[in-house]
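Below you'll find the structure, written out as structure tokens, and then a few comments.
Bear in mind that the values in this text are calculations on the coordinates, not laboratory data. Note that the structure is predicted; figures quoted are calculated from it, not measured. Note: ideal-geometry Cβ built from the backbone for every residue, glycine included; neighbour counts use all protein chains shown.
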């Protein structure tokens, strides 16, 4: 995987640069150059503005399930007030990033390995889909439910996502509905099914965790 990624480093650089436009409508402006976390005792130098949490991704190992590695406010405090964050999305063969939303930002996705089936649903319940090839980009509008799927049964896929917020947030639809304690009777009525079916769905999600 590492060799494939570095072969397309120019595309990676382009993805980073493209994050500038998505940041225009992000977090509120700050009144200083940057914000250091409270009680931050280390000197403010280049280390503060460096995030090395992605290094292990490109060591050749492939995750058995979908994996998203984030560089957001929680992982990279220097992003506070900068209206930008990123994530590397790794899809094994047949891997899926289930339907989810980002309540505080649009997402600009850039495919750097393999191919992906992607889509989102707007507020009129219209589905927009696309098959993305290596080097393609796709934007998921802010707050709308969307997904990504690697339909290739043999090869993995990798994408980089840029967000216009240091903390875009992620709400997974399956987790939100079936793993947060919503009454099973309410779910059964909402999906016009029975409680036993809801329990089977919950059991399946638990087995996949």
Test of understanding: what is the full-extension gain from residue 203 to residue 62, defined as 0.36 nm times their sequence separation minus their Cα-Cα distance? 48.1 nm
Over the chain, the quotient of the Cα radius of gyration and 2.2 N^0.38 Å is 1.12
Each label sits 7 Å from Cα toward the beta-carbon; between residue 193 and residue 127 the label points are separated, in nm, by 1.6 nm
Top mean-square fluctuation among 165, 72, 61, Gaussian network model of the chain, C-alpha springs under 10 Å? 61
Within segment 73-100, which residues have the backbone N less than 19 Å from the label spot 7 Å out from residue 139 along Cα→beta-carbon, could you tell me? 83-87
Any idea what angle helix 9-22 forms with the longest principal axis of the chain, computed on alpha-carbon atoms, 0 to 90 degrees, nearest 10? 80 degrees
Potential lengthening between residue 35 and residue 80 on full extension [0.36 nm per residue; Cα-Cα distance subtracted]: 15.6 nm
Would you mind checking the tilt of helix 195-208 against the longest principal axis of the Cα atoms of the chain, expressed as 0 to 90 degrees and rounded to 10? 40 degrees
Estimated [θ] at 222 nm from DSSP helical runs (n ≥ 4, -39500 (n - 2.57)) normalised by residues in the chain, nearest 500: -6500 deg cm²/dmol
